[in-house]
Amino acid sequence: MNALSSTSPPRHVALLGYGGLLPFMGLALLIALSLDYRSLWAVALVSYGAVILSFVGALHWGFAMTLQDMRDEQRRERLVWSVIPALVAWVATLLPMPLGCLLLIAGFVVHFWQDRRLLQVVTLPAWYLPMRLRLTTVASVCLLLGAIIVAVHS
């Protein structure tokens with residue numbers, strides 16, 4: 001089977017990708033259940049979200065450097081885009097937690113849109129976009145739940 005046409009990611013990719021959701025889910029749960037340490041878990045959730053948003057932005061830097069079927073203009077666009085998620089993530093860490101979470105959610109959603117744009121000009125594995133959608137959805141739901149809980153209890 002061709003790796004590009006497979007709709008299932010390789011096992012190690014799935015384990016790493018979906019395993020990266022565990023801190024999102026665990027921290028959202030801790031925010032809901034741990035009254036004494038809620039502020040610590042809230043900071044941890046925004047910090048982890050910022051790290052992951054920066055990571056997914058860097059994917060586009062890697063694509064721009066390695067994919068051959070891109071025009072120079074498209075390559076420049078990917079390089080410019082690749083640093084924007086890190087800047088958004090950094091600003092999110094400076095905001096009050098609920099606003100930081102909402103900014104991260106916006107960053108993840110816009111990045112998914114950028115992933116869709118990228119797929120209009122290059123070929124990536126068939127599993128890439130569906131997996132990114134699932135990862136974006138779960139991370140965003142966890143960030144939203146964390147933001148709502150902190151906003152309600154402050």
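The values are calculated or read from the model by the stated rules, or taken from the named source; none is laboratory data. As the structure is a prediction and not an experimental result, all values here were calculated from the model. So basically every Cβ, Gly included, is an ideal-geometry build from the backbone, and we count neighbours across all protein chains shown.
Some values worked out for this structure:
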read-out: Matching entry among R116, R132 (being in contact with a helix residue (DSSP H, G or I) (Cβ under 8 Å, 6 or more places away or on another chain), loosely packed, with under 14 Cβ neighbours inside 10 Å and modelled with pLDDT of 95 or more); value: R116
read-out: Test: residue in the stretch 88-109 that is loosely packed, with under 15 Cβ neighbours inside 10 Å and within 16 Å of A58 (Cα to Cα); value: yes
read-out: Residue that is farthest from A42 (Cα to Cα), among those in the stretch 137-154 that are surrounded by fewer than 19 Cβ atoms within 10 Å (Cβ to Cβ) and of a type in the set (S, T, Y); value: T137
read-out: Residue, nearest to V152 (Cα to Cα), within the stretch 33-63, restricted to residues that are in contact with a Ser or Thr (Cβ under 7 Å, 6 or more places away or on another chain) and surrounded by 19 or more Cβ atoms within 10 Å (Cβ to Cβ); value: W41
read-out: Filtered residues of the stretch 116-130 (kept if among the hydroxyl-bearing types (S, T, Y) and part of a helix (DSSP H, G or I)); value: Y128
read-out: Qualifying residues in the stretch 61-95 (those that are of a type in the set (S, T, N, Q) and under 19 Å from V121 (Cβ atoms)) - the one farthest from the chain's Cα centre (by Cα); value: Q68
read-out: Any hit, the stretch 92-115, residues being under 23 Å from V13 (Cβ atoms) and in a loop (DSSP other than H, G, I, E, B); value: no
